[in-house]
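The values are calculated or read from the model by the stated rules, or taken from the named source; none is laboratory data. Worth saying up front: this structure is predicted, and the values here are computed from it rather than measured. When we count neighbours, we look across all protein chains shown, and the Cβ atoms used for this are built from the backbone with ideal geometry, even at glycine.
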Amino acid sequence: MDIRSKALTKSIWVFHMSVGSCNNCDIEILDCFTPRHDIERFGIQLIGSVRHADALLITGAMNKKAIVRMKKVYEQTAKPCVVVACGICACSQHMFRDSYNVGEPLDKILPVDLYIPGCPPKPEAIISGILQLVNKMKKGK
Amino acid sequence: MSHKIIVPIGPYHPLQEEPEFFQLYVEGEKVVDIDIIIGYNHRGIEKLSESKHFDQVPFLVERICGICSSSHPYAYVLAVENILGGEFNIVPEKSLFIRTIIDELQRIHSHLLWLGLVGHFIGYNTVWMWAWKFREPVLDMFEMVTGNRNNYAMFKVGGVRRDIKDDDIPQIKKMLDELLPGIDLFHGAIMDDPIIKMRLKDVGRLTRQQAIEWAVVGPTARASGVNIDIRRDEPYGSSDRLDWKVIIEKDGDIFCKTVVRILELYESISLIRQCLDKMPKSGIIDADIKDIPVGEGIGRVEAPRGECFHYIVSDGTNRPLRHKIRSPSFMNVASDKVAAVGGTISDATLTLAAVDPCYCCTERVAVINKSDNSKIMNGWDLIKLSQDKTLKLKESYYGRSK
């Protein structure tokens, strides 16, 4: 495990991005940072600039107009970074699969490290998913 | 001579939950014009809805927006029941009360969420954390009644899908009681805190005349003194049998919008309490509707943001022939053009947030007007243009073959 990957597991800074979602996942992600769930106790923080991000938390059903922006944001992220598909829309496009304005699924566009299904996933599920990923990375897998 | 500078905000910006693109035209500190470019969330729900069975559409339309995820299915079932002969004629008594309970619970959670975000925008992060803390018990109530924190899947044509258990009612009442001190705290904080008052008073003002001209709806209109509320004007659910009042303020600035929403929280809690008391103890909750006849119907619901409108055309098959949705934010967002223009740039984000915009609801396909040849370009587009020009020069210098 090189030093950059090791540093990634310490305190993950998250950039949240909605690519054609219905707001539910976005609200549940924000909910993780509020007093009841308080994900900041694990050192995980929501940040404003993608340049500082260790993880991209992507929600939504891959709107064609937003995919272009999403690719650019991914290019700007400092590597190595973790891509998390949050919500069933980002995992498999859900009921919007047949829509005319929805492009390819997320895992055909970016390398996805973690899928968190659910419509929307509960904050507990999001926290558990991210912690499982961190533990896996610590073991060097 | 004016020096117009364009400040782009978005589509991905730390202040925004959803991707949308604002262009603020500023002269110095003053905002002189505003342009909103949407389309980053468009999922083609109206078209998808035409390929779904009447019973499947509520699950689709509640995913239009995660915050008003009971208003959209409610407006849809009202539209279908309008074809069948009206909500009051076919829906069982108990369902009407359950529908109102879900609708009002959602209003509480949405207003608390908005309150927290406005606190965040003006730099009171404590307000944000507290508002979201008090929002959690509301989500617990939802989980207790419907089984999910968001996306409740409660509405179906002719009734509701789940009953409220008698054992849960005392617990819900207790949780509502526990919610009140929190709302009192916000009420006191907004009314008494001099800084919040100075920050919000006379900012982003929308006069009564402007509110009518721009056809705003919901709390945005009521804060400007326009007396509209669909729950009273065109009663649905059990709202005509309960005792409540429409909250109206006069000034139309952000302070009034905040006050309207806080006072509506009290009304919503009172409405839920009355519903729980007056609800029949037993009875069916579903009218078991099988076929939808030929016809067209409309459904109007007072969502937390304003009037939510659904229009359905049925041709006698099991799918809607046309499904038109107009969400409240579509009307409210446009009023930023008068509310935000003339203010300073530091107030702009607050004014944009004050109408409680929901861009997921509002999303349309953006069609660029080709007639004036205007095109929005970012840095990459400009580089591309420059490279193209070099390529063209090369071609003309060396000839086509190179």
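A few notes on this one:
- Exactly one residue out of B:I247, B:I262, B:I269 is among the hydrophobic types (A, V, I, L, M, F, W, C) and touching a Phe, Trp or Tyr at 6+ places or on another chain (Cβ under 7 Å): that is B:I262.
- Index of the failed condition, A:N23 passing every other in (1) crowded, with 18+ Cβ neighbours inside 10 Å; (2) closer than 24 Å to B:L115 by Cβ; (3) more than 7 Å from chain B (Cβ to nearest Cβ): (3)
- None of B:L265, B:L352 is in a helix (DSSP H, G or I) and under 30 Å from B:K165 (Cβ atoms) except B:L265.
- None of B:A223, B:A189 is modelled with pLDDT under 90 and not β-branched (V, I, T) except B:A189.
- Listing of helices (runs of 4 or more DSSP H) fully contained in segment A:62-141 that carry 1 or more residues being within 14 Å of chain B (Cβ to nearest Cβ) and of a type outside the set (S, T, N, Q): A:64-76, A:88-92, A:123-138
- Counted as qualifying within segment B:148-241 are the helices (runs of 4 or more DSSP H) with 3 or more residues that are under 30 Å from A:S21 (Cα atoms), namely B:218-223.
- Qualifying residue in segment A:75-92 (condition: closer than 25 Å to B:C65 by Cα, aliphatic (A, V, I, L, M), at pLDDT below 90 and surrounded by 14 or more Cβ atoms within 10 Å (Cβ to Cβ)): no
- Restricting segment B:120-172 to residues that are touching a Phe, Trp or Tyr at 6+ places or on another chain (Cβ under 9 Å) and of a type in the set (V, I, T) leaves a set whose member that is nearest to B:P280 (Cα to Cα) is B:I164.
- Boolean, A:L30 is under 13 Å from the mean Cα position of the chain (by Cα) and facing chain B (nearest Cβ under 8 Å): yes
- Restricting segment A:93-115 to residues that are more than 23 Å from A:K10 (Cβ to Cβ) and β-branched (V, I, T), the residue that is surrounded by the most Cβ atoms within 10 Å (Cβ to Cβ) is A:V102.
- Within segment B:1-100, helices (runs of 4 or more DSSP H) holding 1 or more residues that are more than 27 Å from B:D166 (Cα to Cα) and more than 14 Å from every other protein chain (Cβ to nearest Cβ): B:71-84
- From the options B:I262, B:I285, B:I272, residue that is in contact (Cβ under 8 Å) with a residue 60 or more places away in the chain and touching a strand residue (DSSP E or B) at 6+ places or on another chain (Cβ under 8 Å): B:I285
- Filter result (basic (K, R) and within 11 Å of chain B (Cβ to nearest Cβ)) within segment A:33-56: A:R36
- Residues in segment A:1-18 that are part of a helix (DSSP H, G or I) and among the β-branched types (V, I, T): A:I3 alone.
- Among the residues of segment B:227-275, those that are under 15 Å from B:Q106 (Cβ atoms) and aliphatic (A, V, I, L, M) comprise B:I230, B:L265, B:I269, B:L271, B:I272.
- From the options B:V127, B:V91, B:V138, B:V118, residue that is in contact (Cβ under 8 Å) with a residue 40 or more places away in the chain and within 19 Å of B:S239 (Cα to Cα): B:V91
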